[in-house]
Amino acid sequence: MKPTIEDIEINMDELNKQLERSASDKQRNLIIRKWAGGVCVRCYKIPSKKVSYQIEDALLVERYCDNCFKYMKDGRGKKVTDKFN
């Protein structure tokens, strides 16, 4: 199961303006979901990578920030980032 890794293009200036106005964590997460399609699956911050797995008829999509992506591992315990660098 080889993942497809894509960069997420976000206008950070505009996103940060929106986040400054948000009052709660729930509002912040909704804004990030609107701009990036979701939050980082590990730390709930702004994602920079979209990782997709095709599993038979299903597509699993996960989003990671740069920090969490460095430590992402496949099912065998090996770092995925080592395979794609």
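Only residues that are within 16 Å of PRO3 (Cβ to Cβ), out of contact with any Asp or Glu (no Cβ under 8 Å at 6 or more places or on another chain) and buried (at least 16 other Cβ atoms within 10 Å of the Cβ) were counted in region 43-58, giving 1. Of all residues in region 19-40, those satisfying the criterion of being in a loop (DSSP other than H, G, I, E, B) and in contact (Cβ under 8 Å) with a residue 12 or more places away in the chain are GLY37, GLY38, VAL39, CYS40. Taken over region 1-18, the criterion of being assigned to a loop (DSSP other than H, G, I, E, B) and at pLDDT 90 or above is satisfied by ILE8, GLU9, ILE10, ASN11.
Filtering region 10-32 to residues that are within 19 Å of ASN67 (Cβ to Cβ) and either among the basic types (Lys, Arg) or in contact with a Phe, Trp or Tyr (Cβ under 6 Å, 6 or more places away or on another chain) (or both) leaves ILE10, LEU15, ARG28. Taken together, the residues in region 57-85 that are in a loop (DSSP other than H, G, I, E, B), charged (D, E, K, R), out of contact with any helix residue (DSSP H, G or I) (no Cβ under 8 Å at 6 or more places or on another chain) and modelled with pLDDT under 90 amount to 2.
In region 1-23, of all residues being hydrophobic (A, V, I, L, M, F, W, C) and exposed (fewer than 14 other Cβ atoms within 10 Å of the Cβ), the one that is farthest from the chain's Cα centre (by Cα) corresponds to ALA23. Scoring ARG21 on the criteria (1) out of contact with any helix residue (DSSP H, G or I) (no Cβ under 8 Å at 6 or more places or on another chain); (2) at pLDDT 90 or above leaves a single failure, condition (2).
The values are calculated or read from the model by the stated rules, or taken from the named source; none is laboratory data. Here the structure is a predicted model, which means the values were calculated and not measured. Positions of Cβ are generated from backbone atoms using ideal geometry, with glycine treated the same way; all protein chains shown enter the neighbour counts.
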